[in-house]
Amino acid sequence: MDNESLKHRTFNGMKWGVLDNLANSGVTFLVGLILARMLTPAEFGIIGIITIFINISIVIIDGGYATALIRKPNATKDDYNTVFFINILISVGLMLVLYISSGVIANFFNQPSLSVVLPAMSIILLFNACSMIQKTLLVKQFDFKSQAYVSLVSSVTSGLIGIGAAYKGFGIWALAFQQISRQFIMMIGLWIANHWIPMLRFSIDSFKDMFGFGSKILIANVINSIYKDIFLTVIGKMYTVRDLGYYNRAEQFNLIFSNNFGQIVQKVSLSSFSQIQHDSDRFLFSHRKMVRYIGMFTFAAVFGLAAIAKPLIITLIGSKWEPSVYLLQIMSLYAAIYPLHQLNLNVLHVRKRSDLFLRLEVLKKILFIPVICVGFFFELQFMLWAAVIYYYIEFFVNSWYSKSLSGYGTWQQIKDLFPMYVISIFVSAAVWMITMINMPYWAMLPVQIIGAVVLYALLYSFMRLPEFIELRTFILKRIRRK
């Protein structure tokens with residue numbers, strides 16, 4: 001595959017990846033705004049607790065096999081069938097574990113409703129396991145367009161189900177019905193979009209091959225998932241469920257750009273890097289280009305979100321959620337570099353260094369322990385500030401190993417990212433100052449957003465930022481062709 005073809009497929013993948021995440025998370029986010037006005041912070045907090053166990057279980061079900069299949073150039077039918085049945089078997093086992101342990105979990109968090117809602121929501125694990133191979137095949141084929149359509153249908157339909165249930169007074173079950181139906185509809189849609197049908201075949205050789213690479217990814221991902229969700233555990237146990245609800249709502253705003261763009265980067269870069277993994281020069285060029293594009297988009301979006309946090313939250317979901325504003329602004333400081341973590345870690349995956357990936361995760365989680373300690377002894381915002389320090393240390397650790405594997409290390413990345421970081425901080429500060437003007441929040445929001453867009457366009461054009469010029473040229477060419 002030549003450079004132009006790869007660039008086109010990468011741009012196309014990024015485009016549909018963005019639309020996919022707008023459908024999957026954007027629509028869900030809008031539905032969440034409506035539900036936030038109909039339900040209480042405590043009910044969102046309980047769902048946040050359930051999310052801890054669902055997320056960890058999904059990581060275990062995946063087992064690193066999806067990554068192994070994507071990076072394997074010549075994956076066979078036996079490989080796909082073997083992984084499919086492993087996923088199903090593990091998902092059923094984990095559903096049983098959650099059913100048996102739901103009472104203990106409810107007692108630990110002192111929330112009796114968990115003993116009923118958690119087993120019901122565990123069906124999500126089976127739906128997810130049934131669709132993992134279909135999703136993996138679409139990623140390998142750069143078919144992010146089909147995923148976007150499926151996400152749109154599932155998000156809209158499940159959102160209507162959740163809103164309807166909340167209107168009828170189902171309370172926390174409205175949130176449960178929304179998430180269960182979304183995963184079910186997505187499973188059906190992915191099966192329709194992909195014509196792969198499993199066969200009753202299981203290969204021990206395929207299992208050994210997949211497990212050899214995937215097991216280290218599994219252990220690292222489980223460790224990462226536990227530590228990622230430990231915020232929810234500490235908040236749910238040490239603070240109130242209402243506090244957890246405020247955190248959960250701030251995190252939902254935060255996920256609009258950081259985590260969702262991180263997922264796009266993870267899927268597109270893994271497919272793209274896998275195509276050129278044996279060409280060192282092209283690999284280095286592609287890695288550097290992606291880092292610069294990530295910085296340009298993510299810094300602007302995440303710091304901009306922090307600047308408009310107060311008018312945005314109060315306008316969309318009401319003043320009862322105002323405590324979420326400060327939490328979101330702190331989160332933005334580490335959310336800005338989350339997609340860079342995903343990109344640098346994909347370098348390890350493509351270079352077949354799952355052993356190094358595991359060692360890095362263990363090291364980073366040891367460094368994360370002080371963050372948890374802060375949560376036990378201080379208020380929630382202090383734990384988030386400690387997390388900011390940790391995530392920037394994590395960036396140094398992840399990018400340090402990129403130099404030996406791709407030739408593009410920490411200091412080169414910082415040098416490329418620094419101008420965009422400074423511009424984003426400057427623009428966000430200017431936009432935030434508008435909040436000092438005495439005007440209604442609903443009127444302030446469009447002024448802030450338009451002002452930010454104009455400032456970014458002017459500054460990037462004045463500095464002749466290569467990625468901005470390239471993107472603008474690419475878009476204009478597409479418009480002229482149409």
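Since every read-out is calculated from the coordinates, none of them should be taken as a lab result. Predicted model, so just to flag it, every value in this text is computed and none were measured. Positions of Cβ are backbone-derived with ideal geometry, glycine not excepted, and every protein chain shown enters the neighbour counts.
Residue pairs exceeding 25 angstrom between C-alpha atoms, taken from Lys77/Lys140; Lys140/Lys208; Lys135/Lys477; Lys289/Lys403; Lys289/Lys477: Lys135/Lys477. Modelled spin-label separation between Val397 and Ser115, with each label point placed 7 Å from Cα along the Cα-to-Cβ direction: 3.9 nm.
The label point for Arg472 and the one for Lys237, both projected 7 Å from the Cα toward the Cβ, are 5.3 nm apart. By the count of neighbouring beta-carbon atoms within 10 Å, fewest first, Cys130, Cys373 end up ordered Cys373, Cys130. Rounded, prolate or oblate: which fits the range 257-482 when a ≥ b ≥ c are the square roots of the eigenvalues of the alpha-carbon gyration tensor, with rounded for a/c under 1.5 and prolate only if a/b beats b/c? It is oblate, given that a/c is not under 1.5 and a/b is not larger than b/c.
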